[in-house]
Amino acid sequence: MKNVQKILNAILSKNVFEYLLVDREYRIVQFSAEIQTFLGKERRLKVGDSVFDLLPELVGSEEKMHKVFDGEKSSFAITTVSKNDRYINLYVDHFDEKNLLILLQDITEITKIRQRALQYSNQTTLLTETLKKIINSQNAMIFLANTENRIEFANQKFLEYFNVDAEEILKKDLGLYREMGPGFRSYEEMHRAISEGMKELSIGEDVFFVEAIHIDPANILFTLSKMTELARQRKELQEEVAYDQLTQVYRKKIFDDKACELLKSDRPFAVGVVDIDNFKQINDRYGHLIGDDVLRSFAKLLRREIDGKGEVARWGGEEFLLLIHTDSEKEAVELCEKIRRRIAAQRFDPVPGLTVSCGVTMRKGDENLESLLARADKALYRAKGEGKNRVVYLPPVE
């Protein structure tokens, strides 16, 4: 009951009716029902979601949030945030040692009134000093462009980012829309792309969450919230899922996905299974750390040899898969032979020598991936049985 009262007191003190509770990992642990209004129908909010996915405007405020968690700072606010055609103020308050309370105040109506007022203002009275201060305090870049590709107003973040001054942007079409996406020829075209679902823009190495709204037929208000760090973390997570951590080649699941795409498209290809001969003896004699070094060097050589010709993935242990883009069994066997010879000729210090066995086969038009891998694995088994350090090819129909 005490925690409920704390939320109620905060809501009443700021005339706010929606809230989030966020833990120290910035995951949402509780939220009010009407929060969904700010997300739109296409996405459902749930407990465990990252608060930065819902409110990318908070990216860059982690240090402030950390201070609020620890009680060094009681609260802070981010005002006039655009969400799903609504405008809100964000208040980040201390809740307890484990949670932050984020309050969302809907200020849509008053903000739209201010926006409509821009239509009737001239350049010198476009915004009141108070509104300028509000907009210039935002972490996001905010600018107003007209249908003649002139920027009527831009906040301080925008001016600093593009290294332009307020007078310069008013004099002519600077063509900044060309820097904000793939071949934009106008701000209207940019607005159309955003309306059709493009929610992220890349400018150089920076990534922005972008929103745009026509405040009247002649003017469009754009908001660009920087989320480069969030995008980088997302990319790192995708790479972690896609690549084997030790060898930095694809995981088996990614290999399966790529092979299934080729099977569906009826494009020809070959599959090879490469296994390091007597690898257990390396681990037993030199230890697993040396064994891991050998696997890393071995995978690096495989990547280099197959580059431009296909993909390589780790199946498990010392066994690797090759996806070879070719319609020729001769080319597939020659590539595997080349890899076998390179391995035999390369030093993997302190291991004096290394050999591999390889089974290879071509796809058959109507088979599935499981049977294709089984045949390549059978070819590898024969290579092992015939003395190792060799390549064995099995045709689709024996």
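The values are calculated or read from the model by the stated rules, or taken from the named source; none is laboratory data. Fair warning: this is a prediction, and the values are worked out from it, not measured in the lab. Cβ atoms come from the backbone with ideal geometry, glycine included; neighbour counts cover every protein chain shown.
Structure notes:
- Residue check, Leu159 in the same structural domain as Leu201 (by TED's automatic domain parsing), modelled with pLDDT under 80, touching a helix residue (DSSP H, G or I) at 6+ places or on another chain (Cβ under 8 Å) and surrounded by fewer than 19 Cβ atoms within 10 Å (Cβ to Cβ): no
- The requirement of being in a loop (DSSP other than H, G, I, E, B), within 23 Å of Asp53 (Cα to Cα), among the hydrophobic types (A, V, I, L, M, F, W, C) and outside the structural domain of Asp85 (by TED's automatic domain parsing) is fulfilled somewhere in region 180-190, by at least one residue.
- Filtering Ile151, Ile169, Ile142 for residues that are modelled with pLDDT under 80 and crowded, with 18+ Cβ neighbours inside 10 Å leaves a single hit, Ile169.
- Looking across region 47-89, just one residue is farther than 16 Å from Asn99 by Cα, among the charged types (D, E, K, R) and assigned to a loop (DSSP other than H, G, I, E, B), and that is Asp85.
- Matching residues, region 248-286, being at pLDDT 90 or above and among the β-branched types (Val, Ile, Thr): Val249, Val271, Val273, Val274, Ile276, Ile282
- Number of the exception - Arg44 against (1) part of a loop (DSSP other than H, G, I, E, B); (2) in contact with a strand residue (DSSP E or B) (Cβ under 7 Å, 6 or more places away or on another chain); (3) of a type outside the set (Asp, Glu); (4) modelled with pLDDT of 75 or more: (2)
- Residue within region 78-101 that is outside the structural domain of Ser225 (by TED's automatic domain parsing), touching a helix residue (DSSP H, G or I) at 6+ places or on another chain (Cβ under 8 Å) and among the small types (Gly, Ala, Ser) present: no
- Filter result for Phe222 (within 15 Å of Asn146 (Cβ to Cβ) and either in contact (Cβ under 8 Å) with a residue 24 or more places away in the chain or loosely packed, with under 14 Cβ neighbours inside 10 Å (or both)): yes
- Complete set of residues in region 342-398 that are surrounded by fewer than 13 Cβ atoms within 10 Å (Cβ to Cβ), of a type in the set (Asp, Glu) and part of a helix (DSSP H, G or I): Glu370
- Test: Ile276 is β-branched (Val, Ile, Thr), surrounded by fewer than 21 Cβ atoms within 10 Å (Cβ to Cβ), in the same structural domain as Glu370 (by TED's automatic domain parsing) and within 20 Å of Thr247 (Cα to Cα): no
- The residue list Ser297, Ser357 contains one member that is in contact (Cβ under 8 Å) with a residue 40 or more places away in the chain, on the phi < 0 side of the Ramachandran plot and in contact with a Lys or Arg (Cβ under 6 Å, 6 or more places away or on another chain), which is Ser357.
- Ser61 being over 20 Å from Lys226 (Cβ atoms), of a type in the set (Gly, Ala, Ser) and at pLDDT 75 or above: no
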